[in-house]
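Engineer: Let me give you the structure first, and then I'll get to my questions.
The values are calculated or read from the model by the stated rules, or taken from the named source; none is laboratory data. Because the structure is a prediction, the values reported are computed rather than measured. As a convention, Cβ positions derive from the backbone with ideal geometry for all residues, glycine included, and neighbour counts pool all protein chains shown. Heads up: the accessible areas ignore ligands, DNA and RNA and are worked out on the full protein's heavy atoms, side chains in. Shrake-Rupley method; radii C 1.70, N 1.55, O 1.52, S 1.80 Å.
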Amino acid sequence: MLDQEITYINIDQSNKHAVEKFVGKLSTEIDDPDMFLSPDNELLNKCLDSKLSFAAIHEGEIVAGRFSYIPGLIQENLGHVFNLPDSDLERLVQYQSIFVLKKYRGNGFGSELHKKSLELIRSKGFKFITATCHPKNEISLHLLLTKFGFRCDSEIHSVRGKERCVLLKNI
């Protein structure tokens with residue numbers, strides 16, 4: 001069974017080459033570029049430096065990843081959308097993205113990555129998570145809202161130049 005062959009690891013800078021290879025492979029699978037908010041090198045480094053990101057590994061390759069980082073008080077902190085005070089912005093983790101290669105989708109790897117991320121984020125004392133999602137990505141929006149307990153701001157926002165719903169979860 002495939003699930004028994006998957007291992008989940010917390011990723012950091014020591015995994016950067018494998019992560020870059022995964023993101024490159026994933027970018028070739030994207031049908032609609034507006035749906036894909038690939039991390040640039042600076043953002044990827046923030047995610048890896050935060051040590052709050054996870055990957056699912058199958059046969060030595062990353063097949064799914066949850067990338068998260070700590071935005072601090074800077075303007076890119078999406079907690080501003082929800083008018084969180086500075087004291088709460090400092091206790092917020094931002095989900096950059098979750099990606100699963102096409103042939104691995106539908107097996108619960110994204111859900112497992114979310115659970116592992118949430119456990120680690122809680123253990124570090126964070127109180128909020130923000131996420132973004134393309135407004136037409138109905139599957140992801142549904143999961144974030146119903147299964148994972150996020151709430152969505154009513155407006156569509158531009159995040160790194162792309163339309164996104166901005167979501168918040170209190171943890």
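Engineer: Within the set of pairs 6 or more residues apart or between chains, which connect a residue that is over 10 Å from P135 (Cα atoms) inside segment 152-171 to a residue that is in a strand (DSSP E or B) and open to solvent by 40 Å² or more (accessible area, probe 1.4 Å) with Cβ atoms less than 6 Å apart?
Structural biologist: L167/C152; L168/R151
Engineer: Name every residue in segment 30-44 that is open to solvent by 40 Å² or more (accessible area, probe 1.4 Å) and out of contact with any Phe, Trp or Tyr (no Cβ under 9 Å at 6 or more places or on another chain), in order of residue number.
Structural biologist: Answer for segment 30-44, where residues must be open to solvent by 40 Å² or more (accessible area, probe 1.4 Å) and out of contact with any Phe, Trp or Tyr (no Cβ under 9 Å at 6 or more places or on another chain): D31, D32, P33, D34, M35, D40, N41, E42.
Engineer: For V23, only one of the following conditions fails: (1) in contact with a Pro (Cβ under 9 Å, 6 or more places away or on another chain); (2) open to solvent by 80 Å² or more (accessible area, probe 1.4 Å). What is its number?
Structural biologist: Condition (2) is where V23 drops out.
Engineer: Still on this structure, please answer the following. Taking segment 15-53 only, how many residues are touching a residue at least 24 places away in the same chain (Cβ under 8 Å) and more than 18 Å from T132 (Cβ to Cβ)?
Structural biologist: The total comes to 13.
Engineer: OK, next. Which of the residues spanning segment 140-164 are under 17 Å from L84 (Cβ atoms) and either touching a helix residue (DSSP H, G or I) at 6+ places or on another chain (Cβ under 7 Å) or open to solvent by less than 40 Å² (accessible area, probe 1.4 Å) (or both)?
Structural biologist: The answer is F150, C152, D153, H157, V159.
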